[in-house]
Structure formats: structure tokens, C-alpha cells
Amino acid sequence: MRESLDRIRRAVTDGVLKKSRLAEEAGVSIDALAGVESEGWNPKAKTVDALIGALDRIAARLAA
């Protein structure tokens, strides 16, 4: 779980993706990403799964 949280955090904080774009792709509210920059960010597992799925889909499209 920690690796997934770190991956999401890096995507947002490194400027790879805007929060709004990631939330839209994942089908979650932008509020789900509130506090993502913080080590104390503690989203639900379902949210993490949706965000990781979104990152994977975006990466696949960019690699194609």
C-alpha cells in the first residue's frame, strides 16, 4: 500500500499529472486527493485502487 501511495503522490507532486486530471481518469472526486502531498494522506483502499488503475491506463496510452 505504501508503494502505491508514494506512486500517486509522486505523479501529482512532480507535476506529471494535475490532481483534477488524475481524479477524472480514476472516476473519483477531486476531494479524494486532498492532502495527497502529505505523508499523513490516508485514502480508502478503493480510492487507491482507482487512482493506480488510472495511472496505469495513462502510462499505457503514453507508451503506445
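So the values come out like this:
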{"item": "Pairs, first in contact (Cβ under 8 Å) with a residue 40 or more places away in the chain and within 15 Å of Ala11 (Cβ to Cβ) in the range 31-59, second small (Gly, Ala, Ser) and loosely packed, with under 11 Cβ neighbours inside 10 Å, C-beta under 7 Å, six or more apart", "result": "none"}
{"item": "Wholly enclosed helices (runs of 4 or more DSSP H) of the chain bearing at least 2 residues exposed (fewer than 11 other Cβ atoms within 10 Å of the Cβ) and not hydroxyl-bearing (Ser, Thr, Tyr)", "result": "2-13, 45-63"}
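Bear in mind these aren't lab numbers, they're just calculated from the coordinates by the rules spelled out. None of the values given here were measured: they were computed from a predicted structure. Cβ: placed from backbone, ideal geometry, glycine included. Neighbour counts: every protein chain shown.
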